[in-house]
Structure formats: structure tokens, C-alpha cells
Amino acid sequence: MSKITARFHVSVVDLLKKKQAGTPIVMLTAYDYSMGKLIDQVEAVDVILVGDSLGMVCLGHNDTIHVTLDDMLHHVKAVRRGVNRAMLLADMPFMSMQIDHATAVTNATRMMQEGGADAIKIEGASPLLLEVTAHLVQSGIPVMGHLGFTPQCLQTMGGFKVQGKTLESAQLLIDSALKLQDAGVFGIILEMVPSEVAQLIRDTLRIPTIGIGAGLGCDGQVLVTYDLIGQFPDFLPRFARRYANVGVTIQKAVTDFAQDVATQRFPKEPDESFHFDKAQLPALTQYVHRRQAQRAEDGMESDLYADAQLYTPPVESTVSST
Ligand code: KIV
């Protein structure tokens, strides 16, 4: 009898079981194949998120608003090729869910069918998004919610600000979390929320909460991997912890390489290069000389770059000559 083998990823049910058992869920972001593969090989990681934070840490935007569905698909596909075990969660980018239900289903389906995501994540819980979320879940798409500071609302939130600090806003957060649970999400990210509020939300919900800047009172934790390893040079949020500084390692490696190239210590002969058959080398050298002589005779050896200054673009003056 042939054995049925299937490729099983960490599932929604596994995450629910972890919450029930009180075992913290571990989530990290990845944006490309190699990082996805390296993280996937660490069995303690349950979920790999292709976050739209890629807009900032990979694409150099100031925010996540400029990330398009095509950007996301490009990176999700790459990470998918490296991830065989963890759940692969994909962020739905700015405005990909809000147009109408049909577009939301189409976009989410693309993320799963084309990108290969196991589940999607949607930021916010406005009445419109709650409706869309319920529609997607009922259509069979696993959705994770995201509350607290939601980076796609950077403008309306007035910057990177902790959410749920007042009684009123904390109550609103708890209500939103309950509404998302009722809409059918299988978990909620809580970003930049006071620990006490996050803990109350965790204790109120049946589904797991994953915190980022939300203290210990969550069912799990997520960080942007570039923050964790020190690969994003622009800033480090207060809630993130740097476990390594690969930025420094990268710059040292690049400096050493440049120095070795300058001093001709790279590549090392013969180990780091390939070699032509010694016996045939004289014949090849003679061939090159014959070719050069022929080309010179044919007038093909004029030096294109001899007059390099001819090709230098004129320097534009910023001072008006008038
Ligand atoms: O985009 C992202 O990386 C995220 C995490 C910060 C949760 O949404």
C-alpha cells in the first residue's frame, strides 16, 4: 500500500492549540527565499509573515502605504519557495481590501493561489473591514487581524503612536478585537498597545493574540526580522530587541572585500579560480595574437574610450548665467 505523504504547514488549529496550552507562539517576518528558508529551518518558529513592512526595510519607502499587491506577491512567492513547515502569512497591502467584496476576494485569492500564502492578514476593524473580513472567512480564506497601531493608518494615527492608552480607546480596542473574533479571524496581531490592555484582550478572546510592542500578556510575539538581526539601518523601535548586528557584519565584509580587491588578494590563485589546460595555453595565446593583428589590419581596433572626455555629460550649472 502506498503511503500518502502531504506537505503540512503549521495550521490555524495548531495556533489555537498553542493558546489553549499556554505555549507562546513565535512569529517572524521574511521577505525573500533565503531568509524564509533560514527561519523555516528553526522549528521553534510557528508563523512566517511576509509583512508589508518590506516597503520600509526592503524597498526604502518611508511607510507601508506605497506597497502594492504586486510588490507583496513578488516577495510572498519568493518566501514560499523557502518555507515548507511554518505557516506562511501574507499582509494584504493598503487599499487591497476596501474597494468591494469581489475585489477583496480576488486579491486574497491571488495571495494564496499565486503567492502561495497559507493565510492573509488584514489591518484594522472598521465596519467596512469587519464586513470584508467576515466575507473572506465565509469564502474559506483564513484571516488574521491586526489592531492597535496599524501602520497603513500612519497618517490618520498621526505617527507611530501607542494605541489604547485612554479608557475610551482601550474599550474601543477590546470591542474591535471581539468584533474581529466574531467575524471569524483565527488570531489578532496587537501592535503598540499597553501591556495591561493586551493582557485583557488575550484573556477575553478564544483566538490567539500575537504582540509587537504589546508586552508579555499576549499568546505570542512577532518582530520584524531586520530589527532582530540589525539589518535595517534607519531606526529601531523601542519595543524591538536586536539579537545580532548583521549590519556591522555586512559592512565589515564589504570593506574587507574592497580591500582585498584593491590589493589583489582576491581571488586567491588557484583555489578561487578555474584553470585552462596548460598544454593548450600557447596555442590559445597565439590565436589571440593572430586575431588582434587581423582586427588591427581591418581597422577594427580604434579605441572607443580613448577620448573618454567626449562622453562625459556636461556639468549642469545651478547658477543662472544671466
Ligand atoms: O508588516 C509587518 O511586518 C507587520 C508586523 C509588524 C506585525 O505587520
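The values are calculated or read from the model by the stated rules, or taken from the named source; none is laboratory data. Since the model is a prediction, treat every value here as computed from it, not as a measurement. Because the Cβ atoms are built from the backbone with ideal geometry, glycine has one as well, and the counts that use them run over all protein chains shown. We work out accessible area using only protein heavy atoms, side chains counted, and drop any ligands, DNA or RNA first. Shrake-Rupley method; radii C 1.70, N 1.55, O 1.52, S 1.80 Å.
The set of residues in segment 225-234 being out of contact with any helix residue (DSSP H, G or I) (no Cβ under 6 Å at 6 or more places or on another chain) and either within 14 Å of the ligand (Cβ to nearest atom) or outside any loop (DSSP other than H, G, I, E, B) (or both) consists of Thr225, Asp227, Leu228. Tell me, which residue of segment 214-224 that is part of a loop (DSSP other than H, G, I, E, B) and on the phi < 0 side of the Ramachandran plot is surrounded by the most Cβ atoms within 10 Å (Cβ to Cβ)? Per the criteria, the residue is Ala214.
Considering only residues that are over 22 Å from Val13 (Cβ atoms), open to solvent by 10 Å² or more (accessible area, probe 1.4 Å) and in a helix (DSSP H, G or I), which ones fall in segment 75-108? Within segment 75-108, His75, Lys77, Ala78, Arg81, His101, Ala102, Thr103, Val105, Thr106, Asn107 meet the criteria. Collect the residues in segment 66-91 that are out of contact with any Asp or Glu (no Cβ under 9 Å at 6 or more places or on another chain), in contact (Cβ under 8 Å) with a residue 40 or more places away in the chain and not charged (D, E, K, R), keeping them in residue-number order. Hit for segment 66-91 is Leu69, nothing else. Evaluated against (1) at positive phi; (2) small (Gly, Ala, Ser); (3) in contact with a helix residue (DSSP H, G or I) (Cβ under 6 Å, 6 or more places away or on another chain), Gly124 falls short on exactly one condition, (3). Name the single residue that is modelled with the lowest pLDDT among those in segment 1-20 being among the aliphatic types (A, V, I, L, M) and closer than 29 Å to Ile188 by Cβ. In this case the residue turns out to be Ala6. Could you tell me which residue of segment 276-315 is modelled with the highest pLDDT, considering only residues that are among the acidic types (Asp, Glu) and exposed (fewer than 10 other Cβ atoms within 10 Å of the Cβ)? That would be Asp277.
Evaluate segment 46-60: report whether one residue or more is away from the ligand (no atom under 16 Å from the Cβ) and out of contact with any Lys or Arg (no Cβ under 8 Å at 6 or more places or on another chain). The answer is no; no qualifying residue exists.
Scanning segment 230-242 for residues being surrounded by 11 or more Cβ atoms within 10 Å (Cβ to Cβ) and aromatic (Phe, Trp, Tyr) gives a total of 2.
For Asp227, the criteria (1) open to solvent by 60 Å² or more (accessible area, probe 1.4 Å); (2) under 18 Å from Thr64 (Cβ atoms); (3) not hydrophobic (A, V, I, L, M, F, W, C) hold in every case but one, which is (1). Away from the ligand (no atom under 16 Å from the Cβ), in contact (Cβ under 8 Å) with a residue 40 or more places away in the chain and polar (S, T, N, Q), is that true of Ser34? Against the criterion (away from the ligand (no atom under 16 Å from the Cβ), in contact (Cβ under 8 Å) with a residue 40 or more places away in the chain and polar (S, T, N, Q)), Ser34 qualifies. Applying the criterion of at least 3 residues that are of a type in the set (A, V, I, L, M) and either within 16 Å of the ligand (Cβ to nearest atom) or open to solvent by 10 Å² or more (accessible area, probe 1.4 Å) (or both) to the helices (runs of 4 or more DSSP H) found wholly in segment 131-213 leaves 167-183, 195-204.
For segment 42-57, the set of residues classified as without any contact (Cβ under 8 Å) to a residue 60 or more places away in the chain and under 20 Å from Gly230 (Cα atoms) consists of Val42, Val45, Ile48, Leu54, Gly55, listed by residue number.
Flag: Lys19 matches the condition of being out of contact with any helix residue (DSSP H, G or I) (no Cβ under 6 Å at 6 or more places or on another chain), among the charged types (D, E, K, R), assigned to a helix (DSSP H, G or I) and open to solvent by less than 60 Å² (accessible area, probe 1.4 Å). If we scan segment 243-265, do we find a residue that is open to solvent by less than 100 Å² (accessible area, probe 1.4 Å) and aromatic (Phe, Trp, Tyr)? For segment 243-265, residues open to solvent by less than 100 Å² (accessible area, probe 1.4 Å) and aromatic (Phe, Trp, Tyr): absent. None of Arg85, Arg81, Arg110 is out of contact with any Lys or Arg (no Cβ under 7 Å at 6 or more places or on another chain), over 21 Å from Val42 (Cβ atoms) and away from the ligand (no atom under 15 Å from the Cβ) except Arg110.
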